[in-house]
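Engineer: Just dropping this structure here.
The values are calculated or read from the model by the stated rules, or taken from the named source; none is laboratory data. Because the structure is predicted, anything quoted here is derived from the model rather than measured. Note that each Cβ is placed from the backbone with ideal geometry, even for glycine, and that neighbours are counted across all protein chains shown. The area values use the complete protein model at the heavy-atom level, side chains included, leaving out ligands, DNA and RNA. Shrake-Rupley method; radii C 1.70, N 1.55, O 1.52, S 1.80 Å.
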Amino acid sequence: MQLKPYARTLAIALSLAFVAGCSSTGGGQDGDLTGGAGGTDRGGVSTGGADGSGVSGDRTGQMADADGRIPETRTIYFEYDSDTIRSEFEPVLTAHARFLQSNPNASVVLQGHTDERGTREYNLALGERRAGAVERYLNVQGVSPSQVEVVSYGEERPAARGQNEQAYAQNRRVVFAY
């Protein structure tokens, strides 16, 4: 019967695809591929946000420098079970949009993350919706879709360990990885 060699080939191909999909490209928790040098989200998290979430936006470094450097704040945070961009992070997104517009050869990967509550599948979808919301914001600001890639890590790469609201708030985020 001729079906057996095709089934074996299909099984091998699916196994390789699975392994490739699970592989990591390295980098740090917040998408910093330089191993810590590069200023990913310096000071973007505080212990007492105005809304009680434990997270507040860092106003320092939100605008791209005059010399065209990547904005320092590279992480934005979301409310529980939400993909709505909080108004306090709109200046951060606008700064990234300006940088990408003025540097058409630059590209960014938007990494969507969630806290550990919910199923793995739900969290992967929520992380993708969050990154997608940021992508849509950038596109409306005039950023070329070819400069932006969306990926979701769901709950798999937490920024903070713990099972309390402060840790959960730090894990509900989208990271700009240049």
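Engineer: With +1 on each Lys and Arg Cβ and -1 on each Asp and Glu Cβ, how big is the dipole of region 75-177 about its Cα centre, in debye rounded to the nearest 20?
Structural biologist: 200
Engineer: Same structure again: Tell me, what % of the accessible area of region 90-178 is carbon and sulfur with a 1.4 angstrom probe?
Structural biologist: 45
Engineer: I would also like to ask the following. How high is the FRET efficiency from SER87 to ARG136, r the C-beta distance, R0 22 Å, rounded to 0.05?
Structural biologist: The value I calculate is 0.90.
Engineer: So for region 75-177: antiparallel DSSP bridges make up what percent, rounded to the nearest 5?
Structural biologist: 55
Engineer: Find the relative contact order for region 75-177 and round it to a whole percent, using C-alpha pairs within less than 8 Å whose residues are 6+ positions apart.
Structural biologist: Answer for region 75-177 is 40 percent.
Engineer: Hey, can you rank 81-92, 124-135, 150-161 by average C-beta count inside 10 Å, highest first?
Structural biologist: Answer by packing, highest mean first, reads 124-135, 150-161, 81-92.
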